[in-house]
Amino acid sequence: MSPKSPPTNPSAAETARLPLGFRAGHGACGIKANSALDLALFVSDVPACSAGVFTQNRVVGAPVKVSRTRVGRSTSRAVLMNSGNSNACTGDRGIADAQTMTATVADQLGCEPDDVLVCSTGVIGRFLPIEKITAGIPSLVESLGDSPESMTQAATAMMTTDTFCKTVSREVVINGKTVTVSGAAKGAAMIAPNMATMLSVIMTDAAISLADADRLLRLGVDPSFNCISIDGHTSTSDTVILLANGASGVSLDPETEPLLADLIQQVCTALAQMIIHDAEGADHFVTVDVSGLRTVAEARVIAKAICEGDLVKTAITGNDPNWGRIVSAAGYTGVEFEESDVSLWLNGFPLYQAGTPVPFEKATVSEAMRSGNVHIDLRFTLGEAHCRMWTSDLTAEYVRLNSDYTT
């Protein structure tokens, strides 16, 4: 995407349908109060190839440890998720509980425990109420359905501080056959590149080999989930899993690969943007384009610094076009450049050009920011590399929500 293209303005939610051969279920087992949904299950009715990417944090939840050993097989059948408790920093008992969860689902589905992947999200450092979870799994399996409503309910059960469920589906017709890629995600804070406090399952009815599934998932995740940041805090639970069951009858080949790769990236990008759109307490959806660098790595480190700069984010909260905070954030990254190499546009208004301030009407730019969508377009003259990232502003409500989270 060109750095001069307008940023995407994601909708709050989409109605998504499941690919052929997939079902989704939901349940409430008592992890959350007031009988809120807290169990989600995504099932392929036939064996599927799986791939996964996980948090880069060295402190990881037990489900991450279990699922890391189980992705990359051609017999995967299901992804089980619970919300309200991350099962992180829980030692050997946490591993045993995650394994018990998958074994219980496997018994219900008639497959091997290793063919069930598991994810958890919520508060860190608390043991799961495993008896409640195992007691709730039979009804969870009974709830499985292939309707859009089933997809929505499962996505709702994944939520913690999210304010809306996040589901997406995209389709393409190949040789007269419809191929679908669908995904569900959760996330609203503790979000940083190299993933964040977010879970996502991506499903497709295309036939994709194990090696190709891993490659296509990483190609989808890198410009999407790895390009969002709310607070720079990479969590213990981040997981994105891809299941491909081949039920559509369409296989990956040189002709279909670009189409399928694009669908997977579209789904990942839409879900990632929804996470930013739902950022805790946020009033602004912010797109950051950094272009004209020597390498993508240079562009990304500058974009990340802008996305995570508290002074940048608070200025956006106040609809303040304080462009000096943006330019100086680029300057402290260690990337080598001269001030004359830099120009800045904010929501299409030129504020700084080739190292020199540009006169502008502050009230006009501020009013444009009040729309809730802010586009920071920082351009260098050093090369052709570009990176686009997304973030949110930093509000008092974000501080309140995260200071009260466990009390």
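The values are calculated or read from the model by the stated rules, or taken from the named source; none is laboratory data. Everything quoted here is computed from the prediction, not taken from an experiment. No Cβ is skipped: glycine too gets one built from the backbone with ideal geometry, and neighbour counts run over all protein chains shown. Heads up: the accessible areas ignore ligands, DNA and RNA and are worked out on the full protein's heavy atoms, side chains in. Shrake-Rupley method; radii C 1.70, N 1.55, O 1.52, S 1.80 Å.
Starting from the Cα coordinates of segment 289-332, work out the convex hull volume and express it per residue in Å³.
Per residue, the Cα convex hull of segment 289-332 comes to 66 Å³.
Between Y352 and residues 5 or more places away or on another chain, which pairs have amide H atoms under 5 Å apart, with H built 1.01 Å from N, and which residues are they?
The list, which skips near neighbours in sequence, is L344, V358.
Which net charge results when you count Lys and Arg as +1 and Asp and Glu as -1 among the other residues whose beta-carbon is under 12 Å from that of S200?
Net charge around S200: +1.
Express the relative contact order of segment 138-228 as a whole percentage, based on alpha carbon pairs under 8 Å and six or more residues apart in sequence.
It comes to 20 percent, rounded to a whole number.
Which residue, M101, G331, S169, has the largest displacement toward the positive end of the dipole of the chain when charges sit on each Cβ (Lys, Arg +1; Asp, Glu -1)?
M101
Mind running the shape call on the chain? Use the C-alpha gyration tensor, a ≥ b ≥ c as the square roots of the eigenvalues: rounded below 1.5 for a/c, prolate if a/b tops b/c, oblate otherwise.
prolate
Give me the net charge of D114's neighbourhood, meaning all other residues with Cβ under 14 Å from the Cβ of D114; Lys, Arg count +1, Asp, Glu -1.
Here the charged neighbours net out to +2.
Putting +1 on Lys and Arg Cβ atoms and -1 on Asp and Glu Cβ atoms, find which of S74, Q153, G122 reaches farthest to the positive end of the dipole of segment 72-230.
G122
Among M369, N402, G348, which residue has its Cα furthest toward the positive end of the charge dipole of the chain, with +1 on Lys/Arg Cβ and -1 on Asp/Glu Cβ?
N402
Rounded to a whole number, what % of the accessible area of the chain do carbon and sulfur atoms account for, probe 1.4 Å?
Solvent-exposed carbon and sulfur of the chain make up 51 percent of the total.
Would you work out the charge dipole size for segment 347-407 about its Cα centre, treating the Cβ of every Lys and Arg as +1 and the Cβ of every Asp and Glu as -1, and quote it to the nearest 20 debye?
80
Please compute the Kirkwood hydrodynamic radius over segment 63-210, one decimal place, Å, based on all pairs of different Cα atoms.
With all distinct Cα pairs of segment 63-210 included, I get 16.4 Å.
Order of 152-158, 124-130, 81-87, 310-316 by packing, highest average Cβ count within 10 Å first?
Most protected by this proxy first, the peptides run 81-87, 152-158, 310-316, 124-130.
Roughly speaking, what is the stretch gain from E397 to S251, that is 0.36 nm per residue apart minus the C-alpha to C-alpha distance, in nm to one decimal?
Taking E397 through S251 to full extension adds about 47.8 nm, to one decimal.
Just the accessible area per residue of the chain, please: how many Å² with a 1.4 Å probe?
Spelled out: the 1.4 Å probe surface of the chain, per residue, equals 38 Å².
Can you give the Rg and Dmax of segment 139-181 based on its C-alpha atoms, in angstrom?
Looking at segment 139-181, its Cα Rg and Dmax stand at 13.7, 42 Å.
Which of the helices in the chain, when you take each full DSSP H run, stretch at least 15 Å along the axis at their Cα atoms and have an average Kyte-Doolittle score of 1.6 or higher?
Helices meeting the criterion: none.
Of all beta bridges DSSP finds with both residues in the chain, what is the antiparallel percent, to the nearest 5?
Taking every DSSP beta bridge with both residues in the chain, the antiparallel ones total about 70 percent.
When you count, for each residue, the other Cβ atoms within 10 Å and take the mean per peptide, how do 302-308, 279-285 rank with the highest first?
Top of the packing list down: 302-308, 279-285.
Note the per residue figure in Å³ for the convex hull of the C-alpha positions in segment 85-151.
So the per-residue Cα hull volume is 96 Å³.
At a threshold of 8 angstrom on Cα-Cα distance, excluding pairs fewer than six apart, so keeping six or more, what relative contact order does segment 25-148 reach in percent?
Reported relative contact order: 32 percent.
If you take the Cα atoms of segment 256-403, find Rg, then find the Kirkwood Rh from the mean of 1/r over all pairs, what is Rg/Rh?
Rounded to two decimals, Rg/Rh equals 1.00.
Which order do the peptides 319-327, 235-243 come out in when sorted by mean C-beta neighbours inside 10 angstrom, highest first?
Descending packing order for the listed peptides: 235-243, 319-327.
Taking the Cα centre of the chain as origin, work out the dipole magnitude from +1 charges on Lys and Arg Cβ and -1 charges on Asp and Glu Cβ, in debye rounded to 20.
For this selection, approximately 420 debye.
Only Cα pairs under 8 Å and at least 6 apart count here; give the relative contact order of segment 346-407 as a rounded whole percent.
Once divided by the residue count of segment 346-407, the mean separation gives 31 percent.
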